[in-house]
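No lab work stands behind these numbers, since they all come straight from the coordinates. The shown structure was predicted, so the numbers you read here are calculated from the model rather than taken from an experiment. Cβ placement follows ideal geometry from the backbone for every residue including glycine, while neighbour counts extend to all protein chains displayed.
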Amino acid sequence: MTVFGRGAMFTHRVIRAVVVMVVLPFAIQAQESATFRKSELVRGEASSAARLMRSSSTLSPGQEGFDAVYYKLDLKLSLNPNRLGGSVRMDARSLVSNLTTIALDLMSAMSVDSVTVGGSKVNVTQQPALVNISLNRPYQIGERFTVIIYYSGLPGSTGFGSFFFTTTSSTSDPPNSPWIWSLSEPYGAKDWWPSKDHPSDKADSVDIWITCDAKFKVGSEGKLIAVLDNGNGTRTHRWQHRYPIATYLVSIAVAEYTEVAGWFKYSSTDSMPVINYVLPSRSGEAAASLVPTIQMLEIYSDLFGLYPFVKEKYGHSQFGWGGGMEHQTMTSIVDFSDGLIAHEMAHQWFGDMITMRTWPHIWLNEGFATYCVALYNERKSGTTGYWNVMNREMSRAEKAVGSIYINDTLNIGSLFSGNLVYSKGATVLHMLRHVMGDSLFFRAMHDYATDDRFMFGTATTEDFRATCESTMGGKSLGYFFSQWIYGENFPSYRYEWGSEKTGSTYRVRVSINQTTTSSNPPFFVMPVDLLFKLDGMDTTVTVLNDRQGQVFTFDMPGRPISVQLDPNNWILKSASGTMVAVEKMVERPRAIRLKQNYPNPFNPSTNIAFEVPEAADLRLEVFDQLGRMVRVLVNDQRFEAGTHTVLFTALTDGGEPLPSGVYYARLTADGFRVQTTRMLCIR
């Protein structure tokens, strides 16, 4: 999903009056910027409706006992006054024994008239954001049942808007015409239709039937299998979608659209329709977009496997909101710029086919789609196109605050933070590409997108990490994901270098020290490229920087002129370097010293630092208050002179959390020099 513009979210009433006049100038801006942000229209939720939202990591109460299998939305749109009504059918499967009650998410602005289960009318209780339903009998594990909810009302407008009754502008074609659309991400489905509104429970399929004025076209998911004339000035548009889908990806867009279509030929004998529903005044722009759209389908299919919904369609419905939303098989979009289309189309793989299991993992949607814009530009324009995108995203990522794994998912501004989730999320993939190497990285992306465990289902960060590790033959990437997804900030490197002639060669020392302005992590472990410019040649050496302060020594065939850290900008960082005399480069500690851990008290992790005046074999252990050893952090490992830091997380060797209490770190050097420090864990 992408957003143009800045400032607070427009209210429902204001949007009706100004949405087209405000949005269209942003379309001009879109031609110059390949990525956009939902967060720029949202800065938080002050409304009472927003306060009703639950934690997005969990289901609503009463939803644990069943699996939603199928939805049928049979809805009618009325104007003057604006109103939505009809029925939603849900087929579900019991996951527990003796299931007697369930709950569906629905805001109280939509009034429930009645509910049937298995054809029998049942008792319901409507709460501010839930409908509690008594089933017609107890259901056992695996039994299926059908619920039909009859309801009506004027949908509310939480999050990014959820549901809009608005009009085109006076200067558009057609002028001042009704224009209706939905945008349910993240929690807005409940504003206009009842469902189990959580990404972890995808329905296997959905039907969307919309009855409205006969002059309108309706865009939605899947295939348009029928348009029925009801003989009363209305038509019913029947869309059928036969792929798994999350509730927030169900949509409608209704207006006096013109249809502009093309074909994606994905084999010598097979083609898929590409359909755009647009206001007549934008039909030329939509027609011109078909060529790059089809090119994107080809590029992404080559990178990640064939377009996931190829048996149905891909397309766009124009809407008046300031950006785009990746509604499954039919993106809602404000204009047809390449960057916007590329971002939203990438979601069809990452977000729609594979959906984050819970909202804290949303970078798997937005970070991936943002990075795919860079990959599309790389395929289209070469490395220049790639770096044009990534340099911009990395510049934005430097401003990110917090961890990419979003803990506060009820704050929409945080959940869709442009600098953090989009730009830093994309930058993580950029850095991972360099860590893994092109061949393994692109194989991992393809493996992830074509893994039967995740296709048309859900995934977490750990699932993606496991795929990457499997592609690398089991090599752990835990350090990378721990610091870049669950950690904060980025490394600030200060490096010094110097050289001395030793016979026919030059010995070069490079000292790297980093700060992060955070204890999570206290330093970043990364492979770092060092570019040495010598008399008559250049050479690049990659070192693993796995300590806060570290010295590397190299023998070079020529006199060094300069050293540059990460010359190709593969790491999100700041860096400054100077040349110094070799003998001044490392100030060695005067004695071995185990420093006080920080933070202290801690929960769940702390940093244990120690100083070593000369190379030594070290052992670092943690004991509980009874003198029992609970962890070995360093096991007779050789450390060079300098200051070193080790991260201790209060877990046993088996991964079980250690309880609150006093613990002791003990450092042993060369088998006999011992120092101890006291640590306090508070959970």
Computed FRET value (nearest 0.05) for ARG638 with LYS475, which takes r as the C-beta separation and R₀ as 30 Å: 0.85
Qualifying lysines (Cα of each under 29 Å from Cα of LYS533; at least 8 residues distant if same chain): LYS501, LYS573, LYS584
Check: the chain dipole with +1 on Lys, Arg Cβ and -1 on Asp, Glu Cβ, in debye: 1040
Label zone at TYR486, where the point sits 7 Å out along the Cα-to-Cβ direction: the range 597-617 residues whose backbone N lies under 11 Å: 604-605
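For THR146 and ASN603 in one chain, what is 0.36 nm times their gap in residues minus the Cα-Cα distance, to one decimal in nm? Show your work: numbers first, answer last.
Values: separation 457, 0.36 × 457 = 164.52 nm, distance 4.69 nm.
Gain on extension, THR146 to ASN603, equals 159.8 nm.
Calculate, in nm to one decimal, what VAL122 and HIS446 gain on full extension: separation in residues at 0.36 nm each, minus their alpha carbon distance.
Working: separation 324, 0.36 × 324 = 116.64 nm, distance 4.76 nm.
That works out to 111.9 nm of additional length.
For LYS380 and ARG137, what is the calculated FRET efficiency with R₀ set at 60 Å and r taken between the beta-carbons, to the nearest 0.05? Provide the component values of the computation, followed by the final result.
Numbers: r = 59 Å, r/R0 = 0.98.
Computed FRET efficiency for LYS380 and ARG137: 0.55.
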Cβ-based charge dipole, the chain, positive-most Cα from PRO280, ASN411, GLY425: ASN411
Inter-label distance for ARG494 and ARG559, nm, one decimal - labels placed 7 Å from Cα along Cα-to-Cβ: 3.0
Label zone at GLN295 (point 7 Å along Cα-to-Cβ), backbone N below 16 Å, the range 361-384: 373-384
Sites matching chymotrypsin sites (Phe, Trp or Tyr not before Pro) across the range 225-285 that sit in DSSP coil, with at most 16 neighbouring C-beta atoms within 10 Å: TYR266
Förster-model FRET efficiency, 25 Å R0, TYR70 and LEU306, C-beta, rounded to 0.05: 0.50
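Among the trypsin sites (Lys or Arg not before Pro) within the range 587-666, which fall in a DSSP loop and have no more than 15 other Cβ atoms within 10 Å of their own Cβ? All intermediate terms of the calculation are to be shown ahead of the outcome.
On the way: sites: ARG590, ARG593, LYS595, ARG619, ARG628, ARG631, ARG638, ARG666; in loops: ARG590, LYS595, ARG628.
Those satisfying the criteria are ARG590, ARG628.
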Centroid-to-centroid separation of the range 328-375 and the range 487-563 [C-alpha atoms, Å]: 37
Cα principal axis extents for the chain, largest first, Å: 96, 63, 48
Relative contact order (%) - the range 593-681, alpha-carbon pairs under 8 angstrom, separation at least six: 34
Order of TYR151, TYR187, TYR486 under a 10 Å beta carbon neighbour criterion, fewest first: TYR486, TYR151, TYR187
Charge dipole magnitude, Cβ of K and R +1, D and E -1 - the range 535-683, Cα centre, debye nearest 20: 640
Euclidean distance between Cα centres, the range 170-202 to the range 389-467, Å: 26
Distance between modelled label sites at ASN80 and GLU259, nm, 7 Å Cα→Cβ extension: 2.8
Dipole axis of the range 304-367 (+1 Lys, Arg; -1 Asp, Glu on Cβ), positive-most option in GLY322, HIS361, VAL334: HIS361
In nm, spacing of pseudo-spin labels at ASP653 and LEU680 (7 Å Cα→C-beta vector): 3.0
Within the range 166-187: backbone nitrogen closer than 18 Å to the ALA288 label point (7 Å, Cα to C-beta): 173
